[in-house]
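As structure tokens, the structure follows; a few thoughts come after it.
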Amino acid sequence: MTQPPQPPNQPGEQPPQGQPSNQPPGEPSQQPNQPPQPPNQPPQPPNQQPGQPPQGGFGAPQDPPGFGTPAPGGFGAPTPPPQQPGYGYPQTPPGGQPGYGYPQTPPGQPAGYGYPQAPGQPTQPMGQQPYGYGYPGQPVPPQYGQQPGGPGGGGKKLSTQMQIVIAAVVAVVLIIGAGVWFAAAKGDDDKGGDAKGSSQGADGGKDKALGGGKEKAPSNPAAKVAFQLPQPKVTDVTDVSGSWVTDSLYVKTGINSVVGYDLTTGTVKWTLPLPGQVCAASRHATADHKTAIAFEPAKRKPPRNYEKCSEVGAIDLTTGKLLWSKSATGSGDEKARFNEVTLSGGTVAAGGTDGGAAFDLATGAVRWKPQVNAENCYDMGYGGGPALVAARKCGAYGSQYVVIQSLNAQTGAPVSSFKMPTGVEYASIVSTKPLVVAADVGDTAGDGSGISDFFVVDEKTGKLKVKISADADRFAARCGSTEVETCRHVVVGADRLYLPTEEHEGTGEYGDTNEIVSFDLTTGKPTADKAEAGDRYTISPLRMDGGNIIAYKRPPYDKGGQIVSIDGGTFKQTVLLETPSDKAVREAESGFSEDYSEILYTNGRLFMSETMLSKRSGSSSRQEYLVLSLSTN
């Protein structure tokens, strides 16, 4: 998804080099090294020390404990998004290190869908690394604003109107805010591993709840800047994925640390130092604010700047305590390397090319670890939340196939198995209950989205219920190339699958628009539901709120963005929050890219944060931000 094209400059004007594309016509450009104008009403930013009031105006440099010193400069400079490898990017074979368990044919189940049998698959090229950024052999991230295209780039066709505008003004495309919903699991899984899921955040506001949701419509949705955190300095591409909200804290991954900030002021409340960088973080947290991370055992050292992602731990988000940390043995005596970590009830599960391992959330006791089996299977990763589901790759290298298995979270034993069709090299878990899987069958999506079809599976029997084809030219959801639980811009709830459409020309003179539509999970057919973004806005779902959909509306160049609640029955939209239209805030908001940032909304508070940092360009003089928080409270 891309930023709507901007109106051309006034006749005779040329945009200065480095000027953002959302510069409105006739508005004075900002000169290099000149500080931006602050918005009218922001509170003070956080100070270094817990308990002290924040100092400095909006955009002032800040350096919270646990982070590096921010580079000086103006407000709102965009962060270069990393170039995601294309879906189907080859994965290193397990090398004799298959994961725990192996697929078994359920009694009486017919051949084909639902149980593993080894079909032929294209041989994967050798010598390429499938791991996340920060590992050797990764692709270099493009400069911010570069239009992605080709495999892994998520390129899209430009409308005629957009081509005209781009040709006229050579507009730099900005992309913002990817939706990530964070589910809180409740209870333990001693009876099969299921845990009741609920969205993060507490009830708030004074008005009546919307259509079964917890989020309340405020009397005035106009938001003010609560706080902003500057980006720390890094010398290499650094993953800072992971952000959570509790009743009183906003918690964010830092540099070799995790930091808890006051929900209202951004003041540092606690800092959890770690021996190395966080390399994976669970999307889920329990009702009492426990979650899981994976991290490196030591700090990175140049010139290699690489450490294996081998340590798994549990964090108390309220106190900032590391409850435990463990690793698992992979090949020989070496530690297993993990790409992802998730949480379901009382089980922490980590997966990767060395196989999967699981730990007790309370004690850290190993529930299962990578093991060799006759089918040469290994767990690529897991989907968590209300249930635990594994994406498992099986078979000899060159003829591998993918199986989706609902697991008993206590033992790791498969409850049911569903074999993905031939031509699927990787699969992503969109939802574990109901079980919805996304995949690019035969690399037919063609846009790097990782999605050609959604598969709705009965988690008890492993039988396919329906398959939903998602034309990449029409729909804008995305899943990671090799990761199992990284889908964006797609949510599941109320027996529906909700997707944004690709951007298209609106009725206005400038700018594209789009809609959120849905599919019935029972029939697999599209419904009549449609939530329009409105002229020059684009909309993307973030998470479910009861039967409602919480969505983010990316704004045009001269307005603020919106958080809206879409009634699950009527599809009527209610504005919950609207960001300021001040230039400084607009630039900050647009600096968070569509596919490489996290957006959390709860109880009148919006948090936008980066997931990937890179070395700052020496020519850049503008301030770049790790977190921007806005609030209606």
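The values are calculated or read from the model by the stated rules, or taken from the named source; none is laboratory data. On a predicted model such as this, the values are computed, not experimentally measured, just so you know. Here the Cβ positions follow ideal geometry from the backbone for every residue, glycine too, while neighbour counts run over all protein chains shown. Side chains are part of the model used for accessible areas, which takes the heavy atoms of the whole protein and leaves out ligands, DNA and RNA. Shrake-Rupley method; radii C 1.70, N 1.55, O 1.52, S 1.80 Å.
A few remarks follow.
- Meets criteria (open to solvent by 30 Å² or more (accessible area, probe 1.4 Å) and not in a strand (DSSP E or B)) for residue 332: yes
- Residue identified as in contact with a Ser or Thr (Cβ under 7 Å, 6 or more places away or on another chain) and open to solvent by 10 Å² or more (accessible area, probe 1.4 Å) among 605, 616: 605
- The residue pairs whose first member lies in region 235-246 and is under 22 Å from residue 483 (Cα atoms) and of a type in the set (Phe, Trp, Tyr), whose second member is modelled with pLDDT of 95 or more and part of a loop (DSSP other than H, G, I, E, B), and whose beta carbons are closer than 6 Å, counting only pairs six or more residues apart or on different chains, are 244/317.
- Residue pairs meeting the criteria (Cβ under 7 Å; at least 6 apart or on separate chains; first closer than 19 Å to residue 573 by Cα and open to solvent by 20 Å² or more (accessible area, probe 1.4 Å), in region 506-519; second of a type outside the set (A, V, I, L, M, F, W, C) and in a loop (DSSP other than H, G, I, E, B)): 506/535; 506/536
- Which listed residue is under 23 Å from residue 379 (Cβ atoms), open to solvent by 40 Å² or more (accessible area, probe 1.4 Å) and touching a strand residue (DSSP E or B) at 6+ places or on another chain (Cβ under 6 Å), from 459, 485: 459
Quick grid of which residues meet (1) of a type in the set (Gly, Ala, Ser); (2) farther than 30 Å from residue 539 by Cβ; (3) open to solvent by less than 10 Å² (accessible area, probe 1.4 Å); (4) touching a Gly at 6+ places or on another chain (Cβ under 7 Å):
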position	(1), (2), (3), (4)
369	no, yes, no, no
379	no, yes, yes, yes
385	yes, no, yes, yes
391	yes, no, yes, yes
396	yes, yes, no, no
425	no, yes, no, yes
444	no, no, no, no
475	no, no, no, no
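- Selected residue [modelled with pLDDT of 95 or more and under 26 Å from residue 554 (Cα atoms)] from 449, 481, 431: 431
- Residue count for region 209-262 satisfying the condition of being assigned to a loop (DSSP other than H, G, I, E, B) and in contact with a Cys (Cβ under 9 Å, 6 or more places away or on another chain): 1.
Quick grid of which residues meet (1) in a loop (DSSP other than H, G, I, E, B); (2) more than 30 Å from residue 264 (Cβ to Cβ); (3) open to solvent by 30 Å² or more (accessible area, probe 1.4 Å); (4) out of contact with any Asp or Glu (no Cβ under 9 Å at 6 or more places or on another chain):
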{"residue": "524", "(1), (2), (3), (4)": "yes, yes, no, yes"}
{"residue": "527", "(1), (2), (3), (4)": "no, yes, yes, no"}
{"residue": "574", "(1), (2), (3), (4)": "no, no, yes, no"}
{"residue": "581", "(1), (2), (3), (4)": "yes, no, yes, no"}
{"residue": "600", "(1), (2), (3), (4)": "no, no, no, yes"}
{"residue": "609", "(1), (2), (3), (4)": "no, no, no, no"}
{"residue": "628", "(1), (2), (3), (4)": "no, no, no, no"}
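- Filter result for residue 342 (closer than 25 Å to residue 297 by Cβ and not in a loop (DSSP other than H, G, I, E, B)): yes
- The criterion of at least 3 residues that are basic (Lys, Arg) and without any contact (Cβ under 8 Å) to a residue 60 or more places away in the chain is met by none of the strands (runs of 3 or more DSSP E) falling completely within region 368-480.
- Contact annotation: residue pairs with Cβ atoms under 6 Å, 6 or more positions apart or on different chains, pairing a residue in region 299-313 that is acidic (Asp, Glu) with a partner that is part of a loop (DSSP other than H, G, I, E, B), are 307/276; 307/296; 307/298; 307/300; 311/297; 311/327.
- Pick from region 198-233, criterion under 21 Å from the mean Cα position of the chain (by Cα) and at pLDDT 90 or above, ranking: surrounded by the fewest Cβ atoms within 10 Å (Cβ to Cβ): 232
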